[in-house]
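Read through the structure below, which is laid out as structure tokens, and then see the notes.
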Amino acid sequence: MRKLFIAIVLSLTLAHTAHSQGTLLFFDEFQDNRNDWPILNSDIAVTDIRDGYYFLQHLRTQKALSVKKHVPIDESRDYMIIAELEKFDLNGDPGYGILWGRDDEDNEYNFLISGKGNFKIFRMNKGHIQKLIDWYPSKYINRDNTVNRLTIKKVGESMYFYANSHLLAKTKIMPFYNDLIGIKVFHNQKIGVRSFYVYQR
């Protein structure tokens, strides 16, 4: 009975959120792999979906692990991307977070946080890093082995970046290279993705 009550509450919450935020284009709460995320077990990365998480463990000490999906956002209209991420190690320096507007690894945008409570926003443009906001501390980012809810909002000609419902930064609009959206994990660390949502207004 309790499980049924929780399921009903979650369904009502999701419906309310979709109504208030716009049209829900994509979501995953990782109860299964219905969205066909990559499951890996190699010397580069280990990924798995279990216990309501998509676990991403990057094993290299350099470069990054990226997982992504095609989501047909109309970038001429407002949109919002939300990811709830939990860190599962004490390696505090490497970044992890949301990638969006991606065509390939040389052309994409990144909104990252670190276990030490910093954030960074940059884009890869034809293979060259262009820092929009370099690593900067914020008291609103939970540190170490904790959960953080990251949100990207496009409103009119501006982009807004949030951690745990607190505004971290505002930038000018960022035109897409393509429609790939996902999660990026730098260097050797392990995170769990608890939920992932994309809305269109």
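Annotations
- Contact map, the range 96-116: residues that are free of Cβ contacts under 8 Å to residues at least 24 places away in the same chain and more than 11 Å from ASN178 (Cβ to Cβ) paired with residues that are among the hydrophobic types (A, V, I, L, M, F, W, C) and open to solvent by 10 Å² or more (accessible area, probe 1.4 Å), Cβ distance under 6 Å, separation 6+ or inter-chain. Pairs shown: ASP106/MET124.
- In the range 120-138, the residues that are free of Cβ contacts under 8 Å to residues at least 60 places away in the same chain and under 13 Å from LEU99 (Cα atoms) form Cβ pairs under 8 Å with partners that are in a loop (DSSP other than H, G, I, E, B) and open to solvent by less than 80 Å² (accessible area, probe 1.4 Å), at six or more places apart or across chains, as follows: ARG123/MET174; MET124/ASP106.
- Residue identified as on the phi > 0 side of the Ramachandran plot and exposed (fewer than 15 other Cβ atoms within 10 Å of the Cβ) among ASP32, ASP51, ASP74, ASP43: ASP51
- Among residues of the range 172-201, those that are hydroxyl-bearing (Ser, Thr, Tyr) and surrounded by fewer than 20 Cβ atoms within 10 Å (Cβ to Cβ), counted: 2
- Residue in the range 100-111 that is more than 23 Å from ILE44 (Cβ to Cβ), among the charged types (D, E, K, R) and surrounded by fewer than 19 Cβ atoms within 10 Å (Cβ to Cβ) present: no
- Applying the set (1) open to solvent by 10 Å² or more (accessible area, probe 1.4 Å); (2) in a strand (DSSP E or B); (3) in contact (Cβ under 8 Å) with a residue 12 or more places away in the chain; (4) touching a Leu at 6+ places or on another chain (Cβ under 9 Å) to ASN145 leaves exactly one unmet item: (2).
The values are calculated or read from the model by the stated rules, or taken from the named source; none is laboratory data. As the structure is a computational prediction, the values presented were derived from the model and not from experiment. For neighbour counting, all protein chains shown are included, and Cβ atoms are generated from backbone atoms with ideal geometry for every residue, glycine included. For the accessible areas, the whole protein counts, side chains as well, though only heavy atoms, and no ligand, DNA or RNA atoms are used. Shrake-Rupley method; radii C 1.70, N 1.55, O 1.52, S 1.80 Å.
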